[in-house]
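To start, the structure itself, in C-alpha cells.
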Amino acid sequence: MGLQAEAQAAQIAEQSAAAAAERVKAEQAAASAAALERELNAASADLARARSKIAAGDYDPATTRVLHFVHNPESEAAAAAQRQQLDVLMAERDALQAALASRGQLQTRSSTPAAPPAQRARAGRLTWRWR
C-alpha cells in the first residue's frame, strides 16, 4: 500500500501543479482583457475628441489636405437642373412672344439705347435734392 499511496500523492501533486498553471493562465488572460479594455476606452475617447473637432470645423491646414472633385456630381446635378429650368423658361418666353406677335402687340426693341436714369429724371423734371 505504500507504493499505491506514493502514486496517489504524485498524481495529486501533478493535478495541483496543473491547476496552478491554469490559474496563472486565467489571471494572465484577465489582466490582458483589462489592458485591452483600457486601450479600447482610450481609443474611443480619442475618436470622440477627433469627431467633435471635425464637427466644429477645427483642422490644421498644414497637415490637412482637402480634395476637390473636378467633376463634382452634386454641382453637376445642380447645373443640369439650372440648365433645364432655363430651357423651360426660354421656351415659355418664346411662346409668349409668339402669342403677342400673332396679336400684333409685340413691341420691338429700339435700336437706340435708352437714356440713363439721370437724363430721364431731368427730362421729366424729377430731381431729388437733399437739404
A careful count of residues in region 50-59 that are surrounded by 10 or more Cβ atoms within 10 Å (Cβ to Cβ) and in a helix (DSSP H, G or I) gives 5
Could you identify the single residue in Ala7, Ala101 that is surrounded by 10 or more Cβ atoms within 10 Å (Cβ to Cβ) and at pLDDT below 85?
Ala7
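The values are calculated or read from the model by the stated rules, or taken from the named source; none is laboratory data. All values reported here derive from a predicted model rather than from experimental measurement. As a convention, Cβ positions derive from the backbone with ideal geometry for all residues, glycine included, and neighbour counts pool all protein chains shown.
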